[in-house]
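Single-structure report; data block below.
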Amino acid sequence: MFSKRILNILLILNLPSFIISAPLAICDGCDHLSLRSPSPQTPSLSDATCPNFGGTNEPLIDYNVVLKTDAANYDSIVKNHFEMLEKCLQRERHNVHELDFSSIKDNNNVIFDFSVKGMIAGYTTKFTKSFVENYLSKLNDVAIVNENKVIEDPFENEFVEQARLVRRAERSTAKMPNLDRIDQENYPLDLKYTYPDSAGAGVDVFVLDSGIFLDHEEFQGRQGKTVVEKTFCGNILADDNGHGTNVASIVGGKTLGVANNANIIGVKITGNVCPLNSQNIINGITYVMQQKANDPGRKIIINLSATSDDSAVGEAASKAVEAGIHFVVGAGNRNLDACGFYPGKVETVVTVAATKITPLPNQQDWITEFSNWGKCVTLFAPGGNVPIAGIGNPSEITSGSGTSLSAPHVSGAIALMLANGDLTPEQSKEELVRLATKDKIQGLDFRPTANLLLRVPSP
């Protein structure tokens, strides 16, 4: 007789009827799963009420799941949980860090595994809401299970001005007040950008974004490499909305960049035909974690210019920092408390808000009208009318505004630090605070935030 427990799971998940006729052997080894301590309101799978957890017409929804692991139990937890998904539910498991997503034709029966051995264990797959609420979320080995949602307008209130700037043969700051501002404490600006000679050499900055327009002049003739290494979103060679190119040029562009010898490595997580969701942010973060696991000695920074309300994103960011990765994120552009968004609310992450420079003759630093703020903000960096590389042609220079453009200033600054010494993520964050220009930012009266403005290390 077919096991009642397995039949219940299959009914809950609305799996195809042909699976129900499969032999008992498909679920050997599933008995190791256990619910948290049951209560009168928490039936176990052996109860007659189990089929009510999910009706046959209940839709399947994408969920991000993070497992509860530590150094002692990592292997056993991962083995047991994925055996349940594969054997009992007949799902195909794929490692997202190696997967060509274009090869997947049916997402309904796929487990997108973003685990990095010893660091984080988890996956994205489809379940019914009832199954998640009444069973999966109550398993002892599940730490987080959240619906995988599309992030509506992830770069809200950001603005790119298409008017081109005059190119200079030399690295002049006359058209780059953002760089001029971050190497000195006080006004007036001295029309110079002074930085350590190493300029971030040997440091890898992973830009999790929309890709990079590699043919742009800003990425040609650099000591550091510029590549797009992985895509979770369509064509790896295309940056169809330009955002990733904008960000990358501030990190390390030849003339526009804070650290123009750093390696810039694109990881494509969004694009015009691929709306950003929390799954792809997690995939991008864990992909970088896998690179760190492959080579623990690499000096790695993650730059992320998007926010989410999914705590699984925050957990991935936290685990990345634990793995020794320096993590920088834009605070967001809604004029709200940055503590309401992940991964910015994660204490170990560097969360960056945006300032603008008022016009001559009385130049000052002001928080931008759009920037998020609050105690979760680590410091500010220029984010108003910042010169950036565009995607219109290989020489296009535009300007833009947003905390997306503030964050890469800080990623570049950390690259300058790491090129000249070994620092943990905790130490680089402390050094950012120590070096920062203090008490110069105006407009914080009703937005209580640490009054700290990025300053790069001296040569």
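Any read-out appearing in this document is the output of simple, stated calculations on the displayed coordinates, not a laboratory observation. A quick note: this is a predicted structure, and the numbers were derived from the prediction, not measured. Backbone-built Cβ (ideal geometry, glycine too); neighbour counts: all protein chains shown.
Odds and ends about this structure:
- Here's the picture: a label point sits 7 Å out from the Cα of Q184 along the beta-carbon direction, and within the range 235-267 the residues with their amide nitrogen under 20 Å of it are 256-259.
- By definition, a body whose alpha carbon gyration tensor gives a ≥ b ≥ c is rounded when a/c is under 1.5, and the range 159-453 falls into this rounded group.
- The aspartates and glutamates whose alpha-carbon is closer than 14 Å to the alpha-carbon of K230, local same-chain residues fewer than 8 away aside, are E98, D100, D209, D239.
- Global form of the range 84-128, assessed from the alpha-carbon gyration tensor, a/c cut-off 1.5: oblate
- Amide H within-cut-off set for F380, under 5 Å, with H built and near neighbours excluded: A353, L452, L453, L454
- Karplus (6.51, -1.76, 1.60) ³J(HN,Hα), θ = phi - 60°, over the range 122-127, in Hz, Gly and Pro reported as x: x, 6, 10, 7, 9, 9
- Cross-link partners of K345 among lysines, defined as those whose alpha carbon lies under 16 angstrom from its own and excluding same-chain residues fewer than eight positions apart: K319, K375, K429.
- Eligible lysines near K175 by straight Cα distance, threshold 20 Å, same-chain separation 8 or greater: K192, K254, K356
- Computed from backbone phi, the HN-Hα couplings of the range 220-229 come to 9, x, 8, 5, x, 7, 10, 9, 10, 9 Hz, rounded to whole numbers (Karplus: 6.51 cos²θ - 1.76 cosθ + 1.60, θ = phi - 60°; Gly and Pro given as x).
- Label point distance in nm, I61-E147, each placed 7 Å from Cα along Cα→Cβ: 0.4 nm
- Per-residue HN-Hα couplings for the range 392-399 [Karplus 6.51, -1.76, 1.60; θ = phi - 60°; Hz; x = Gly/Pro]: x, 7, x, 10, 5, 10, 10, 9
- Cα gyration tensor shape of the range 362-439, rounded if a/c is under 1.5, else prolate or oblate by comparing a/b with b/c: oblate
- Amide hydrogen neighbours beyond the local backbone of I111, cut-off 5 Å, H modeled: E92, R93, H94
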